[in-house]
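S.K.: Here it is, the structure, as structure tokens.
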Amino acid sequence: MSKLIATLLITLLWAADMAAQSGIYVGGHIRRERPNTVTKLKNSGFTYAILFNVNVETDGTLTTDGETICKDGVYVFANQQPHYVEDVEALKTWPTGIQRLEICIGGWGNESYYRIKDLINAQGTGSNTILYKNFKALKEALPWVEAVNNDDEHCYDVATAVKFHTMMYDLGYKTTVAPYMNKSFWQSLVSQLNNKRAGACDCVLIQCYGGGTNNNPSDWHLGNIPLHAGRENYQDGSSLDICIEKMQSWHDNNNVTGGFLWVYNDETWNLNKWASSINRVFPPKQEEEPVVTVFSRNNYAGYAVSLAPGTYCAGELSNHGIGMKEIMSMKLAEGYRLTAYQEADLTGTSNSWTGGDYSRLAAWTLRISSLKIEKIDDTEGIKTVSQASKDDTVFNLQGQPVQQPQHKGIYVKDQHKFVVR
């Protein structure tokens, strides 16, 4: 196999593994306000979440917000946070739109990478070292965390960074990087790491906020790996429209394949609305042919999203760009049924429609939080007109009531179709 073909295959594998296209950094708020914060993240539609922050202390102990996570090769966080393991597991457990979890090390003012440098220079990265033992304990306690996000903003030591992330890869963690400056360092880190462990670093998250506000994403393509660009949720006066306009420009002009936000640490903004809007800019690929298109306005207006057969909780709908309780009209292919639910997890009050165009959803306007789309048998719900009760209300496929069908065609009664021949 030629080196070019091997590189191409690795690139495709990275792209497939990093299918998630919208991300959110998550602060300590997730623990302080649980379980509501966990539910909101599951329903948000962000396809990856980065848990901020894991600090490395001078002796290799892992901490966050002054609390100890792992010490001497043992996970001890349960002493202060008894629900954390179950909450992290819940983020990846259906019903959820989150496909990937990462931990972040670094940030402005954080000295973790200086300490990692000193520890590696003193001990190395073998299985008997404290770094290895503590991150192994973390991986065993939280196996749902798939990657470590490098947000080094001070140390910038290539040699020890490559050794550290090689060790992390061998422990089961991939790497993403979150640069805002010092491009040569990040180029060297990504290149050397992926030469040692192909595909170890599978995404660049360029900061276009704070110190990186003026960054041009086009300048930050570090090899053939996906590039995501990020903003603060309160940047430009908390304007969702400005944020989406900027991300659309990055998508169209800078070969950016995903967007992320800093940071979920309060309840001043609607996670689901932001995530679904970002996901319309960076839509996922669908393996099957779509059979329904839903619209955010009556009469097939507003934004439109097409869906293949399947079940979609609130987070999964948002993955495809549909916000909770935002559907107002739809076009459904013949031979399929769509069942909508008021709750986020395919529970609660429900209503079904079969193939046709529905310019208005009547009582179900702005009520749909989750749905199921399925193929129906060709004869299911079909009756002859002689079987239809003359006293029941009959509708045409546009949802308009008719006194009695006068023309050949398909009509609806009691949510079932019947044929006038």
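S.K.: Would you mind telling me which numbered condition in (1) under 29 Å from T47 (Cα atoms); (2) of a type outside the set (K, R); (3) open to solvent by 30 Å² or more (accessible area, probe 1.4 Å) N128 fails?
M.R.: If we test N128 against (1) under 29 Å from T47 (Cα atoms); (2) of a type outside the set (K, R); (3) open to solvent by 30 Å² or more (accessible area, probe 1.4 Å), just (1) comes out false.
S.K.: State all residues of the stretch 160-219 that are in contact (Cβ under 8 Å) with a residue 24 or more places away in the chain and β-branched (V, I, T); if no residue qualifies, say none.
M.R.: T160, V162, T166, T175, T176, V177, V190, V204, I206
S.K.: Now for a different question. When the residues of the stretch 262-275 are narrowed to those that are assigned to a loop (DSSP other than H, G, I, E, B) and of a type outside the set (V, I, T), which ends up least open to solvent (accessible area, probe 1.4 Å)?
M.R.: W269
S.K.: On to the next question. Please go through the stretch 97-125 and pick out each residue that is open to solvent by less than 30 Å² (accessible area, probe 1.4 Å) and over 19 Å from N150 (Cβ atoms).
M.R.: G97, I98, G124
S.K.: In addition: What single numbered condition from (1) at negative phi; (2) open to solvent by 30 Å² or more (accessible area, probe 1.4 Å); (3) of a type in the set (A, V, I, L, M, F, W, C) fails to hold for I322?
M.R.: All conditions pass for I322, except number (2).
S.K.: Tell me, yes or no, whether the stretch 36-47 has at least one residue that is open to solvent by 10 Å² or more (accessible area, probe 1.4 Å), assigned to a loop (DSSP other than H, G, I, E, B), modelled with pLDDT of 95 or more and closer than 28 Å to N319 by Cα.
M.R.: no
Listed here are the residues, each with its yes/no results for (1) within 21 Å of V162 (Cβ to Cβ); (2) among the small types (G, A, S); (3) in contact (Cβ under 8 Å) with a residue 12 or more places away in the chain; (4) touching a helix residue (DSSP H, G or I) at 6+ places or on another chain (Cβ under 8 Å).
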residue: N43; (1), (2), (3), (4): no, no, yes, yes
residue: G60; (1), (2), (3), (4): yes, yes, yes, yes
residue: C70; (1), (2), (3), (4): no, no, yes, yes
residue: V74; (1), (2), (3), (4): no, no, yes, yes
residue: P82; (1), (2), (3), (4): no, no, no, no
residue: P95; (1), (2), (3), (4): no, no, yes, yes
residue: I105; (1), (2), (3), (4): yes, no, yes, yes
residue: Y132; (1), (2), (3), (4): yes, no, yes, yes
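S.K.: Quick test for you: out of G259, G199, pick the one residue that is at positive phi, of a type in the set (G, A, S), touching a helix residue (DSSP H, G or I) at 6+ places or on another chain (Cβ under 6 Å) and not in a helix (DSSP H, G or I).
M.R.: G199
S.K.: Then there is this: Applying the selection to the stretch 158-204, what residues are buried (at least 20 other Cβ atoms within 10 Å of the Cβ), more than 13 Å from I105 (Cα to Cα) and in contact with a Phe, Trp or Tyr (Cβ under 7 Å, 6 or more places away or on another chain)?
M.R.: Listed by number, the residues that qualify are M167, A200, D202, V204.
S.K.: If you don't mind, another one. One residue is enough: does the stretch 77-88 have a residue meeting the conditions modelled with pLDDT of 95 or more, open to solvent by less than 30 Å² (accessible area, probe 1.4 Å) and farther than 30 Å from G126 by Cα?
M.R.: Scanning the stretch 77-88, I find at least one residue that is modelled with pLDDT of 95 or more, open to solvent by less than 30 Å² (accessible area, probe 1.4 Å) and farther than 30 Å from G126 by Cα, so the answer is yes.
S.K.: Would you point out the residue of the stretch 329-352, among those that are hydroxyl-bearing (S, T, Y) and surrounded by fewer than 19 Cβ atoms within 10 Å (Cβ to Cβ), that is nearest to the chain's Cα centre (by Cα)?
M.R.: Ranking the qualifying residues of the stretch 329-352, first place goes to T347.
S.K.: Looking at the stretch 64-73, can you tell me whether even one residue there is open to solvent by less than 60 Å² (accessible area, probe 1.4 Å), charged (D, E, K, R) and either at pLDDT 95 or above or closer than 22 Å to S44 by Cα (or both)?
M.R.: Scanning the stretch 64-73, I find at least one residue that is open to solvent by less than 60 Å² (accessible area, probe 1.4 Å), charged (D, E, K, R) and either at pLDDT 95 or above or closer than 22 Å to S44 by Cα (or both), so the answer is yes.
S.K.: For T213, only one of the following conditions fails: (1) open to solvent by less than 10 Å² (accessible area, probe 1.4 Å); (2) of a type in the set (V, I, T); (3) over 21 Å from the mean Cα position of the chain (by Cα). What is its number?
M.R.: Every listed condition holds for T213 apart from (1).
The values are calculated or read from the model by the stated rules, or taken from the named source; none is laboratory data. Here the structure is a predicted model, which is why all the values come from computation and not from measurement. Cβ atoms come from the backbone with ideal geometry, glycine included; neighbour counts cover every protein chain shown. Surface accessibility is based on the protein's heavy atoms, side chains included, excluding ligands, DNA and RNA. Shrake-Rupley method; radii C 1.70, N 1.55, O 1.52, S 1.80 Å.
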